[in-house]
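To start, the structure itself, in structure tokens.
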Amino acid sequence: MSPPPVPEIGVAVFILKNNKVLFGRRRSLSIGAYTYALPGGHLEFGESFEECAAREVKEETGLDIKNIELLTATNNVLSDKAHVVIIYMRAHLSDPDQTPQNIEPDKCEGWEWYDLNNLPEPTFGPLRAMLQGGFSPFPSAF
Ligand code: 8DG
Ligand code: MG
Ligand code: MG
């Protein structure tokens, strides 16, 4: 008998550049297929959220990030087979002149900077709900 399913832990990163955020359109992955989502991936055993964010961003985009901070977490029960706890982080580019590369073209169509007032469609559902619900990854002015 197969063991009972357990929730996955994903770390997703809002990389902030001026007033824009990096999104990429996912390919035929089991969760969020063909939708625009943030760079990120699964937390590995023994890893901190910050280490996971830096590793996944580097693996997927080639970018080096700094000022990596925890923003929030959401519990996404997507179907009877998909349950992901997502840890949302934010970060800035270590070198603002760096440009993203599509290092895993089997998983992503490419990376672009988007204004959150003009989200790329289709945006990954839980992410769009969060952003349209008023959540902002940008530091508040206060
Ligand atoms: P890995 O298995 O190579 O470690 O990771 P990955 O292949 O890069 O994983 P992923 O599918 O990109 O993301 C991990 C989980 O997080 C997956 O169940 C989908 C989920 N997820 C969300 N929202 C987002 C998001 O905005 N970006 C990313 N990358 N994953 C997200 O629920
Ligand atoms: Mg990855
Ligand atoms: Mg990923």
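Of note:
- Toward the positive end of the charge dipole of the stretch 10-139, with +1 on the Cβ of Lys and Arg and -1 on the Cβ of Asp and Glu, the farthest Cα among W111, I65, F45 is that of W111.
- Taking trypsin sites (Lys or Arg not before Pro) across the stretch 37-80, none is in a DSSP loop with at most 16 further Cβ atoms lying within 10 angstrom of its Cβ.
- Residue exposure sequence - V11, V6, V85, V21 - by fewest surrounding Cβ within 10 Å: V6, V85, V21, V11
- Sequence-distant lysines (8 or more away, or on other chains) whose Cα lies within less than 25 Å of K20: K58, K66, K107
- On Cα atoms only, tilt of 49-61 relative to the major axis of the chain in degrees: 80 degrees
- With N as its number of residues, the stretch 45-85 has a Cα radius of gyration that, divided by 2.2 N^0.38 Å, comes to 1.43.
- Shape category assigned to the stretch 1-81 from the gyration tensor of Cα positions, a/c cut at 1.5: prolate
- Taking the Cα centre of the stretch 1-74 as reference, the dipole from Cβ charges on Lys and Arg (+1) and Asp and Glu (-1) amounts to some 460 debye.
- Rg ratio (alpha-carbon, reference 2.2 N^0.38 Å) - the chain: 1.02
- Between E8 and H83, V84, V85, the built amide H atoms are under 5 Å apart, and every one of these is 5 or more places off in sequence or on another chain.
- Neighbourhood net charge (12 Å Cβ-Cβ; Lys/Arg +1, Asp/Glu -1) for E47: -3
- Global geometry of the stretch 73-112, whether rounded, prolate or oblate, following the gyration tensor of its Cα atoms and the 1.5 cut on a/c: oblate
- In the chain, Cα pairs under 8 Å separated by at least six residues give a relative contact order of 31 percent.
- DSSP bridge orientation in the chain - percent antiparallel, rounded to nearest 5: 70 percent
A short reminder: the numbers here are calculations on the coordinates, not readings from a lab. The model shown is predicted, which means the values in this text are computed figures rather than measured ones. Using ideal geometry, Cβ is built from the backbone for each residue, glycine included, and neighbour counts are taken over all protein chains shown.
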